[in-house]
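Worksheet: the structure to be examined is printed underneath.
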Amino acid sequence: MDAASRAAVAEARERLGELTSRPTGILGRARDIVSGPPRVVEAEDLAGLADELFAVARLLQAQPSLRRALSDQAGKPAERAALARRLLAGKVTDATLDLVETLARQRWSRPFDLVEAAETLATEAALDTADARGELEGVEDELFRFGRIVAGDPDLSRILGDRAAPAAGKSALLDRLLTGRVSPVTEQLLRNHLTRPTVANAETAIERLSEVASRRRGQSVAHVTAASPLSDAQERRLADVLGRVYGRAIGLQVTVDPELLGGLVIRVGDEVIDGSVLRRLDEAGRRLVG
């Protein structure tokens with residue numbers, strides 16, 4: 001996204017935060033009654049908000065003319081918000097309508113950014129649900145584990161990353177894989193993100209979701225590949241060292257790959273720390289050939 005769209009998303013996320021936080025004091029509750037839609041703070045209501053926002057994203061994805069109209073800078077912000085209200089009033093909750101109007105009032109670099117913004121709000125609302133239920137850490141872990149399953153199954157990865165595959169078929173496949181095995185929030189996130197027509201790499205999409213969940217817990221993620229499983233004590237020491245290096249809390253997502261022979265490969269964001277035996281052997285081989 002360009003700067004204008006990033007600023008628009010930040011504005012919409014701030015509004016989402018206002019709608020999903022509990023009012024403080026008598027004055028705050030009175031202001032809500034007089035001037036705004038009811039806040040969405042209970043877990044079930046937050047889950048419903050996420051569902052509606054994902055549905056709005058799918059609508060904007062399927063209707064290019066609509067997303068152009070809602071992002072047309074030739075029109076006034078109030079006019080774009082009024083269009084959103086005419087289209088959705090009575091079909092979604094007041095909180096969802098409020099957020100879509102907020103999106104319509106913003107300045108967007110390109111119309112498709114509206115789709116991504118709606119998906120961002122939906123994802124945040126889903127994670128709010130997990131947070132309200134005390135399940136945020138579990139959701140992050142489930143996302144990571146499912147990502148490893150996808151990474152280890154080329155056929156599954158190909159199907160979920162096939163843009164030409166029907167969304168209904170992907171959804172049915174995910175139902176068989178996930179229902180009863182993961183939390184409702186994890187299922188909601190994976191189904192909505194992996195059935196998007198723009199997904200080309202399922203493993204990457206899941207990894208990004210896991211990282212968003214980790215940031216919600218106040219952590220950055222270190223993707224660690226080890227030659228053999230790490231003990232709990234080793235993971236704690238590694239997380240502590242990385243936390244000191246990066247100056248913030250670091251959560252570990254560990255994958256075992258015996259082909260490394262020994263050592264670790266650690267990725268934090270775009271930075272890779274490769275301390276594997278395999279890398280050192282490769283370097284030694286290149287020096288001998290040279």
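The values are calculated or read from the model by the stated rules, or taken from the named source; none is laboratory data. Quick caveat, the model's predicted, so the values are computed rather than measured. Every residue, glycine as well, gets a Cβ built from its backbone with ideal geometry; the counts of neighbours run over all protein chains shown.
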Residues in the stretch 147-204 that are touching a Ser or Thr at 6+ places or on another chain (Cβ under 8 Å), of a type in the set (Lys, Arg) and not in a loop (DSSP other than H, G, I, E, B): how many?
3
Matching residues, the stretch 135-163, being farther than 15 Å from Gln188 by Cα, among the hydrophobic types (A, V, I, L, M, F, W, C) and modelled with pLDDT of 90 or more
Ile149, Val150, Leu156, Ile159, Leu160
(1) in contact with a strand residue (DSSP E or B) (Cβ under 8 Å, 6 or more places away or on another chain); (2) closer than 18 Å to Phe144 by Cα; (3) without any contact (Cβ under 8 Å) to a residue 60 or more places away in the chain all hold for Gly218 apart from (1)
What's the number of the only condition in (1) more than 19 Å from Leu60 (Cβ to Cβ); (2) aliphatic (A, V, I, L, M); (3) surrounded by 14 or more Cβ atoms within 10 Å (Cβ to Cβ) that Ala172 fails to meet?
(3)
Residues being under 26 Å from the mean Cα position of the chain (by Cα) and in a loop (DSSP other than H, G, I, E, B): count how many of those fall in the stretch 205-249.
6
Is there a residue being farther than 18 Å from Arg208 by Cα, touching a residue at least 40 places away in the same chain (Cβ under 8 Å) and in a helix (DSSP H, G or I) anywhere in the stretch 108-116?
yes
